[in-house]
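In what follows, a single structure is set out as structure tokens and then discussed.
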Amino acid sequence: MSLRIDSAPSTSEQLHADGIAAFEAGDHATARDLLRRAAVDAVGSEAINDLAVVLAQLGEHDDARTLLQATLTLDPANADARENLATLGRPATVEPVASGAWRESGTLGGDDPNMPERAFPGMPSTSTMSEHAMRYSMAMGLFAGRDVLDVGCGTAYGSEMLTWTARRVRGFDLWQPGPGEHPSWPGGAELTYGFDVCAQPLPKAEAAIMFEIAEHLGDCPAALRNVFAAAPALLASFPNPAFHGSHLNHHHVNDWTLEQFERELVAAAGAVRGPVELHHFNQPNGLPFIVPGRDAASPFWIVLALPA
């Protein structure tokens with residue numbers, strides 16, 4: 001028969017035990033204080049605060065907010081957590097909403113503003129702007145009252161449009177605005193820049209939008225899996241390479257046919273969520289209007305993927 005000698009309980013374990021004893025004795029105030037100290041001793045409120053900051057940078061604002069609130073419950077004097085929670089509650093803008101100075105930046109259009117690529121205030125190609133705005137107008141009706149992700153939001157004019165009908169809008173883009181370029185809109189969309197949708201997980205939502213993005217992504221299948229893992233519904237557009245291929249636009253790396261675009265959507269959804277039904281729309285040549293139907297010859301294809 002061997003004798004087992006238990007080590008002395010740690011400080012957090014002793015505090016936990018004392019807290020439970022106080023609770024069972026009916027002294028709830030003392031139990032609260034002891035259990036709060038036990039949790040802080042075991043984990044550390046700073047570690048929880050730091051994890052919340054990382055989650056916020058990844059766009060996981062709901063989880064970040066929950067952890068910051070937990071930090072303040074455990075450590076009400078934690079000034080960092082209080083400031084981080086206050087910052088998280090504000091739209092992610094650098095300039096005040098009332099300021100429109102960012103719109104005057106000469107570099108909003110990227111390395112070639114004359115290439116109708118990124119939609120921005122004052123862009124020379126007004127037809128591109130009208131085409132894009134029609135897609136967001138369609139999304140406003142489809143996803144009214146929903147929590148929506150705008151993947152590849154760019155200057156976030158579309159995210160702003162979505163705020164007029166959606167319950168919540170979060171925009172993500174790889175672009176990192178320079179000093180004085182950070183878009184500022186009054187609708188309160190939460191914007192995250194410097195975000196790589198091919199590698200970074202998106203937060204959970206009810207629907208996602210991905211307009212004119214897939215053709216830019218080196219690992220688009222990974223990005224689509226990321227999107228479907230976050231949201232069950234996706235409204236996406238893709239340009240017909242015959243009109244907008246890489247031979248005309250050096251920003252494009254995927255010259256997919258409509259059939260391949262469909263296959264990639266179905267495969268990505270099936271890998272992380274399950275079968276989807278594809279509903280087809282298109283924008284005819286020379287017109288911004290969106291019409292229902294699958295037309296492989298149209299300049300722009302728009303597909304709504306919904307759970308089957």
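Please give the FRET efficiency for ASP63 paired with PHE289, using the beta carbon to beta carbon distance and R0 = 35 Å, rounded to the nearest 0.05.
The calculated FRET efficiency here is 0.30.
Return the percentage of antiparallel bridges among DSSP beta bridges fully within the range 125-307, rounded to the nearest 5 %.
Around 50 percent antiparallel, to the nearest 5.
What's the angle, to the nearest 10 degrees (0 to 90), between helix 126-142's Cα axis and the longest principal axis of the chain?
50 degrees
Placing unit charges on C-beta atoms (Lys and Arg positive, Asp and Glu negative, everything else neutral), compute the dipole magnitude of the range 250-308 about its Cα centre in debye, rounded to 20.
With Lys and Arg at +1 and Asp and Glu at -1, about 120 debye.
Please get the size of the charge dipole for the range 11-88, origin at its Cα centre, with Cβ charges of +1 on Lys and Arg and -1 on Asp and Glu, quoted in debye to the nearest 20.
160 debye
Rounded to a whole number, what is D in µm²/s for the range 177-308 from Stokes-Einstein with the Kirkwood radius over alpha-carbon pairs (10 °C, 1.306 mPa s)?
For these conditions, the coefficient is 101 µm²/s.
Scan (i) 35; (ii) 45; (iii) 53 for the value of percent of Cα pairs over 29 Å apart calculated from this model and give just the label.
Computed from the coordinates, percent of Cα pairs over 29 Å apart corresponds to (ii).
Run the numbers for ALA267 and LYS204: contour at 0.36 nm per residue of separation, minus the present Cα-Cα distance, in nm.
Here the answer is 20.7 nm.
Of the DSSP beta bridges with both residues in the chain, give the percent that are antiparallel, rounding to the nearest 5.
That works out to approximately 50 percent antiparallel.
Measuring from label point to label point, each 7 Å out along Cα→Cβ, what is the ALA242 to PHE23 span in nm?
6.8 nm
Magnitude of the Cβ-charge dipole of the chain, K/R +1 and D/E -1, about the Cα centre, nearest 20 debye?
My answer is approximately 640 debye.
Quick check: the angle from helix 61-74's long axis to the longest principal axis of the chain, C-alpha only, nearest 10 degrees?
So the helix axis and the longest Cα principal axis differ by about 20 degrees.
Would you mind ranking TYR136, TYR157 so that the residue whose beta carbon has the fewest other beta carbons within 10 Å leads the list?
So the residues, fewest neighbours to most, are TYR157, TYR136.
If we sort 170-177, 280-287, 66-73 on the protection proxy, mean other Cβ atoms within 10 Å, highest first, what's the order?
Averaged packing, sorted descending, gives the order 170-177, 66-73, 280-287.
Once you put a point 7 Å from the Cα of ALA144 and another 7 Å from the Cα of ASP80, both along the Cβ direction, what distance in nm separates them?
Distance between the two pseudo-spin positions: 4.6 nm.
In degrees between 0 and 90, to the nearest 10, how far off the longest principal axis of the chain does helix 28-42 point, with axes built from Cα atoms?
70 degrees
Here, each number is a calculation from the coordinates, and none is a lab measurement. As the structure is a prediction and not an experimental result, all values here were calculated from the model. Note that each Cβ is placed from the backbone with ideal geometry, even for glycine, and that neighbours are counted across all protein chains shown.
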